[in-house]
Amino acid sequence: MSETSKELRQLVRDVVQELAVEPPSLLDPNAVALRTDDPADFYFVGLIGGKDVGKSSMVNALVGQSIAGVSGFGEGTKSITAYAHRDVAVDLRARLEHDIPGQYAIVTHDQPTLRRQVLLDLPDIDSRYEAHLALTRKMLREMLYPLWVQSHEKYADVQAQAMLKEVAEANAADNFLFCLSKIDQLTEANAAELLRQDYAKRIARVLDLPAPPRVWVISAQKPDQFDMPQLRAMLSQQRSEQDVSRSLEQAARQQQRTLLSWVDRQDLSGHLSRLDRLIAAAADQLQDRIGGVLAEQVLKPLAEDPVQRAGLTCEVFDQRINRWPIVRLLNLILGPLVNLVESLVRGRRLGSLTASDRAETVEPLVRPLTPAIQATFVHLRHSQPEIMSAYGENRLWEQMNADAAVSDLRRRLAEAISAHQQSAVKHLTRTWFGSGLLRWLATLGAVLWFPFVQPILNIALVTQIKWVPIEIAKLVVQTLSGQKLLQDIAFLFLWFLLLWLWVRYRAYQRVKRYMKTDKLGRLDLSGIADQWCNDLLRPLTQQRDQLAALINRADAFRSSGELATVKAAKD
Amino acid sequence: MDEPVGKILAGVDRLRARLLNLRGGGVAISERIRNDLGAVVFHLRDADRHKPMVVLLGGTGAGKSTVVNRLIGQSVTQASMLRTFTAGPVAICAQASDVPTDWLAVPLVVATDRPVRGEIGQLDCVEADSPVTAAVTLIDTPDLDGDQPAHHAQAQNAFRWAGGVLFIVSLEKYQKPELLPFYALAARYDIPAWFVMNKVDDAGAIDDYRKLLASAESKLFAVPRNDSVVVVGPELSLESLASALATAGACRPSFAGTRERVKDVLNRIIDQMLVPLKQQMNAAEELIARLRVFSPPQSSIDVNPVTRQLQQRMKERSVLYLAGPGRMIDRLRQTPQFLTKLPRFTWDRLRGAPTQPAIDQATAATPDTPPDFAQSLADQLVSVQVRVADILRATPEGKRWIEEDEAGFAATHFAETDASAIAEEEVADLKRWLESRWNANPWDTRLVKKFIKFLPGGDKLARWSEAAPYLLAAVVATHHAMFGHIDLMILGGYSLTVWLTEKISNEVVSRTRQTNRRITERFGELAQAQINRYIGWIESHSASKRDIDAIEEAVRSLILILEHTRDRGAL
C-alpha cells in the first residue's frame, strides 16, 4: 500500500474519531475491496454475473475449448475454474488454497502470451444458493479485472448493480469490462444497439460516470458474431506489466477517491465554521458574564488593595531594619507591640504575607466567579448542546469543576502577585555603597560616643589636663556613676527609637513612591485573567485546531499531484 | 351483516378507526397498516362479488406483459425487450366495472390508448374481451427485482390485494430468491396460484422448477423460448393455462386461507407497530417518571443586600436600640479606631485637607450595587432546563425525539424572562416598601412616642431616654457600691429584654424573609411548570397508553374471533 493510501486511511480514521461517525464501508473488513498491495506475478480476469447468464459458455468461447461445465438449469457452477499458464499454476494453487480451500479447479495451458493472466469462471451472484455469492465475493477482493456479464434479461437486476457499486468503490471503472450476453436470442431490429445503450446508461448511473462505458454485446452461441471476436482478441493477449501496475495504481487511486469523497461528505468545513461560531458565541458570553465581574470585583480591588500594600511595606521594613545593629533588637520588642495595636484597630494583622496568606486574600474576591462560570456554561450548553462533547469530563456547568477553574485563577493571581512583590521587595531593599558604614556609625558609634568618647573628649579638650592618672580616675568615676548611666541608657533608647521610627517612615515613603512610579512596570493581572478566560475555552479551541488540521490534510490530498493528474487524465 | 364474517368486519372497522386516532409516533406506519386492512376488508366483504383478481408476479424480463398479451390474444399491455419497462399495475378486464372501486387503494384510470405501460400511483385499466377476462381480471405488475425500488413496492402491494396469483419465471430467473416467500404465502393464504416458466429451452428445467415448487399443488405451465426447439406437452401449454383461467371464475381462497391472511396482517400490526410503539411508550414513561422525581434546585436568592441600608437606618432610629445596650457596645467597639484616627483627623482638619473616610475601606464590605437577582434566577431556570435536557438525551428515544423535533423541544422551554420577572417583581415590590418606610419610625418608636404624648413633659423624656443605658450604668455602679451585686442581674435582665425586643420587632428583617420566601416559592412553581411542560412534550411524542391499549385490545379480540371461526357463515 502506498504512503498516500496509508495516510489517507489514517486521515479517515482520525475523522471518524473526531466526529464520532460511522467509518466508510470501504474500511469495513467484510467489504469487497480490491487488495492493491498484490505481490503475485499474475493477475485475475473473472466473470461476474447472474445465474444462467452464460458465464461458463463465455469462458469456453473465450478459451476456445470446453474447460467449464455448462448447464442449462439447476444449481450450475458452484466452484471456481481457473484457466492459467503452467508456470504460475503452483503459485496460483497456493493462493486459491489459502483463499477458498477446495472450491476450485485449475486448467493449465502453454500459451506464452497469456502467461500472467488467470481467467476465472465464477458462480452466480443472484441465486438462492448463498454459498455462490460468498465465494464470488471472496474472489472479487483479488480480481483486478472483473468482467461483468449479464444477459439481456437480467441486465436491470438490482443485486448485480448493488455489487457493481460496491466493487467500484475499490477498483477503477477503467478496469471493468461490461458484457451483455445471449444477444442472439433477440430478433427485433437494432436490438443489440438499443440494449447496449440502455445497459450502458444504467451502468453510468450506478457508477456515476460522465459518459456511458463501452458494453460488449456478445453471444456464446454465435462466437463469430457481435463483439465476441474483438473481446476474444483482447483477452487472448495478456496485459503488459506496466499496464497491470497502472491498473493497480488506478484502483488504488479509486480507493483514495472513495475515501476522499467520504471525507468530503463529512462536511468538515461546515463543522469548522459551526465550531468557529460556537467559539465566538462562547467568548462573547464569557466576556459578558465574567469579564465585568473579573475586572470590577477582582482585578480592580487587587490592584489597589491596601492589604497588599501594607504587606509590602511590612516586608520592606523588616528587611531594612534587620540591617541595623541594635535597632534590630529594639524592633524585636516593638514589632509585636505594633502588630497588636494594628490588629486591635483594623481587626486583622498586616504583617508580611506568605504565599498562602496571599491566596487567602484573593479567595473572597474570586468567589463570586464560580456561579458566574456555571451560569455562563449552563447558558452555552442550553443554546449549543454540542459543546458537551468538547468538554467531556471538565463539565464547567457543574459546581465542582467551576470551583476548580476558579481556584486555578486564584492560584495564578496569587503567584503573579507574589512574584511581583518579591521583585519589588528586592528593588526596595537595595543599599548604596557606604550605607553600611553609616549604619555602624549611627548605632555602635552612638553607643561609644555618647556615654564614653564624648565625656572623655569633653574633659580632655575643655579642662586642662595636669596629672593624667588622677584625671582618668575622675573620669571613670563620673562616667560610671549610676545617674550618668541611667541618663545614657535613657538617651540611647530615645536615640534608637528615633532611628527605628525613621527607618519605618522611610520604608513607608519608599513603598509609596514605588507604587506611584512603578519602576518594574505594572503588575499585569488583566493579562493573566485573559489567559485564564482563553483556557476556559481551551477544549473548544483545541477541537477547532484539530478540525482545521484535518481539513488541511484533506486539502493536501485533494491538491496533491497524484489524484489531480488522474482526474485530468479522466476528463 | 351476519355472523361470523360480519363480526370480523366490525372488528376490523373498529381497528381502523382506532388507528386513525393514533397520535404521536407510529403515524407513518399506521398508514401502511390501514392499507393492509383495506385489503383485508376487500377480501372478506367484496372479493366474492367480483371476478377473481389474478395478479401476475415475476422478475424483470420474465415476460409478464408478453404472457398477458398472449393469454388475452391481443396486445393490451406494452411488452418490451428493454428492462423494468412496465411502471405501474395494469388491470385487464372485460369491462371497467369488473375492477372493484378503491382496489389497491389507488385511483382507477381507464386507458384509451393501447397497449399501456402503467404508471406509479394509479391502476390503469384496459378493457379486452376474451374467454380469460370473462372469468377473471388479470393484473400486470411491475418487476420485483429490478433497479427501481418503487416497482417492488407496487408489485408487493398488488399481491396483498390479489385473489389469485400467476407467477411468471424464466429459465434464467427461476432460482432467484425473490419469489420464494410469495410461493409460501400463496400456499398459506390458499390463493389460487398458477406457475408459468417462460423462455424454456431445456425440458429438464421444467422438472427442476417442479421440484422447487414441490409443496405447491403444481399448476405449472411452460412457454418455450421463441428460437428453442423444445416442445412442451399440451397440458403445459399456454392454451391450457388460458382455459384454466377461463374456468377459474369460481376459484376463491378458502376461508381458512383468508383467515390466515387476516391473522398475518394482525401479527404485522403487533410486530411492526405495537411492539415499537410500546417500547417508545415505556421509554417515555420511564423518562416521565425520572422527571417527576427530579427535584428542581431551590432558588438561593437572598435579598438582604437590598435591605441592609434600611435595616441599619431603622436600627439607628429605633428607640429600643437607643435605649438598649447595643449602642453602648457599638460605641465601645469603635473607640480604639476612633482614637488612632484622631491625630490624623486633627492634622487634616488643621491643614484644611479633606478628611479620610472614617471607616477603613478594607472593612467596608457592603457592595454599592446589590447582585443581579433577575439574572441569577434566569441562570437557575436555564440550569433546570439543561439538566432536564441531559436526562432526556441520556436515553436513545429522548435523543431521537429531540433531534426529530428540535423546534418543538425549544418551544417547551420557558423564556429566561419568565424567571427574571419573578425576581424583578418581588424586588421592585420590596423597594417600593423600602421607600415608603425610609423616613418612617420603627413601630416600637412610634408606640413609645404615642405613649409619651400623654405624659407631661413627654418630649423631654423621649430625648432623655437615649441616655438611659448610661444612666443605668451609673445607677448600677452606685447601687453596687451600696447594696452588693443584685444590680448585675438587673442590668443583665434589662439588656436582655431590650435586645430581644429589638430583634423581634425588626420589621425589615421579617419583610426580607418574606420576599425571599416568595421568590423561592414562585421559582419552585415555575420550575415545576417547566417540568410539566417537558412531560407534556414527551407525551406528545409517544402514543398514549390508552390508544395503544385500545388498538391492542381490538387486535387481540379479532385474533380471538378468527381462532373460533371455522367457516364464513352466510353473507
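The values are calculated or read from the model by the stated rules, or taken from the named source; none is laboratory data. For clarity, every value in this text was computed on a predicted model and none was experimentally measured. FYI the Cβ positions are ideal-geometry reconstructions off the backbone, even for glycines, and counts take in every protein chain you see. Keep in mind that these areas ignore ligands, DNA and RNA; they rest on the heavy atoms of the full protein, side chains included. Shrake-Rupley method; radii C 1.70, N 1.55, O 1.52, S 1.80 Å.
Assorted remarks:
- Residues that are open to solvent by 20 Å² or more (accessible area, probe 1.4 Å), away from every other protein chain (no Cβ under 14 Å) and in contact (Cβ under 8 Å) with a residue 40 or more places away in the chain within the range A:37-59 comprise A:D38, A:A40, A:D41, listed in sequence order.
Conditions (1) in contact with a Leu (Cβ under 7 Å, 6 or more places away or on another chain); (2) assigned to a helix (DSSP H, G or I), marked per residue:
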site	(1), (2)
B:A47	no, yes
B:K51	no, no
B:G61	no, no
B:Q74	no, no
B:T84	no, no
B:T112	no, no
B:G121	no, no
B:V132	yes, yes
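- Test: residue in the range A:217-231 that is in contact with a Lys or Arg (Cβ under 7 Å, 6 or more places away or on another chain), modelled with pLDDT of 90 or more and either open to solvent by less than 40 Å² (accessible area, probe 1.4 Å) or not aromatic (F, W, Y) (or both): yes
- Annotation note: of B:A155, B:A128, B:A111, the sole residue that is open to solvent by less than 10 Å² (accessible area, probe 1.4 Å) and away from every other protein chain (no Cβ under 14 Å) is B:A128.
- Applying the set (1) open to solvent by less than 90 Å² (accessible area, probe 1.4 Å); (2) more than 30 Å from B:I538 (Cβ to Cβ); (3) not aromatic (F, W, Y) to B:Q312 leaves exactly one unmet item: (1).
- Residue satisfying all of: in the range B:170-189; within 9 Å of chain A (Cβ to nearest Cβ) and of a type in the set (A, V, I, L, M); nearest to B:V262 (Cα to Cα) among these: B:L180
- When A:L194, A:L186 are screened for being crowded, with 17+ Cβ neighbours inside 10 Å, over 15 Å from A:W148 (Cα atoms) and of a type outside the set (V, I, T), only A:L186 passes.
- Within the range A:534-547, the residues that satisfy the criterion of being in a helix (DSSP H, G or I) and buried (at least 16 other Cβ atoms within 10 Å of the Cβ) are A:L536, A:P539, A:L540, A:T541, A:Q543, A:R544, A:L547.
- Failed item, numbered, when B:A205 is tested on (1) part of a loop (DSSP other than H, G, I, E, B); (2) at negative phi: (1)
- Residue within the range A:178-189 that is among the small types (G, A, S) and free of Cβ contacts under 8 Å to residues at least 60 places away in the same chain present: yes
- Contacts under 8 angstrom Cβ, first residue in the range A:383-410 being acidic (D, E), partner part of a helix (DSSP H, G or I) and open to solvent by less than 30 Å² (accessible area, probe 1.4 Å), 6 or more apart: A:E386/A:L278; A:D403/A:T370; A:D408/A:W532
- Output for the range A:228-248, where each listed residue is part of a loop (DSSP other than H, G, I, E, B) and either in contact (Cβ under 8 Å) with a residue 40 or more places away in the chain or of a type in the set (A, V, I, L, M) (or both): A:S236, A:Q237, A:Q238, A:R239
- When restricted to residues that are open to solvent by less than 100 Å² (accessible area, probe 1.4 Å) and under 11 Å from A:T313 (Cα atoms), the range A:494-514 contains 8.
- Hits in the range B:412-436 - residues which are touching a Leu at 6+ places or on another chain (Cβ under 9 Å) and hydroxyl-bearing (S, T, Y): B:S420
- Residue match in the range B:196-218 (condition: within 14 Å of chain A (Cβ to nearest Cβ), in contact with a helix residue (DSSP H, G or I) (Cβ under 7 Å, 6 or more places away or on another chain) and acidic (D, E)): no
- Among the residues here, B:R83 does not qualify as open to solvent by 40 Å² or more (accessible area, probe 1.4 Å) and either charged (D, E, K, R) or in contact (Cβ under 8 Å) with a residue 12 or more places away in the chain (or both).
- When the range B:329-363 is filtered for residues that are open to solvent by less than 100 Å² (accessible area, probe 1.4 Å) and either of a type in the set (F, W, Y) or at pLDDT below 75 (or both), the ones remaining, listed by number, are B:F345, B:A353, B:T355, B:P357, B:A358, B:D360, B:A362, B:T363.
- Screening the candidates B:A527, B:A550 for the property of being of a type outside the set (D, E, K, R), more than 30 Å from B:E406 (Cβ to Cβ) and in a helix (DSSP H, G or I) yields one hit, B:A550.
- Any chance B:A150 is of a type in the set (G, A, S), more than 8 Å from chain A (Cβ to nearest Cβ), on the phi < 0 side of the Ramachandran plot and out of contact with any strand residue (DSSP E or B) (no Cβ under 6 Å at 6 or more places or on another chain): yes
- Comparison of A:R289, A:R277, A:R323, A:R265 shows that the only residue that is open to solvent by 60 Å² or more (accessible area, probe 1.4 Å) and either modelled with pLDDT under 85 or under 30 Å from A:D535 (Cβ atoms) (or both) is A:R277.
- Subset tally (residues that are within 14 Å of chain A (Cβ to nearest Cβ) and either touching a His at 6+ places or on another chain (Cβ under 9 Å) or within 21 Å of B:S240 (Cβ to Cβ) (or both)) for the range B:68-86: 4
- Hits in the range A:369-389 - residues which are hydrophobic (A, V, I, L, M, F, W, C) and modelled with pLDDT under 80: A:I387, A:M388
- Screening A:P146 against (1) closer than 22 Å to A:P29 by Cα; (2) surrounded by fewer than 21 Cβ atoms within 10 Å (Cβ to Cβ) leaves a single unmet condition, (2).
- Residue match in the range B:113-121 (condition: closer than 23 Å to B:V169 by Cα, over 45 Å from the mean Cα position of the chain (by Cα) and of a type in the set (G, A, S)): no
- Residue satisfying condition, being open to solvent by less than 50 Å² (accessible area, probe 1.4 Å) and at pLDDT 85 or above, within set A:L365, A:L330: A:L330
- Selected residue (criterion: farthest from the other protein chains (Cβ to nearest Cβ)) from residues of the range A:110-143 that are closer than 21 Å to A:N60 by Cα and surrounded by fewer than 16 Cβ atoms within 10 Å (Cβ to Cβ): A:P112
- Qualifying residue in the range B:164-183 (condition: among the small types (G, A, S) and either part of a loop (DSSP other than H, G, I, E, B) or open to solvent by 10 Å² or more (accessible area, probe 1.4 Å) (or both)): no
- Residue in the range A:84-93 that is crowded, with 16+ Cβ neighbours inside 10 Å, in contact with a Leu (Cβ under 9 Å, 6 or more places away or on another chain), in a strand (DSSP E or B) and not basic (K, R) present: yes
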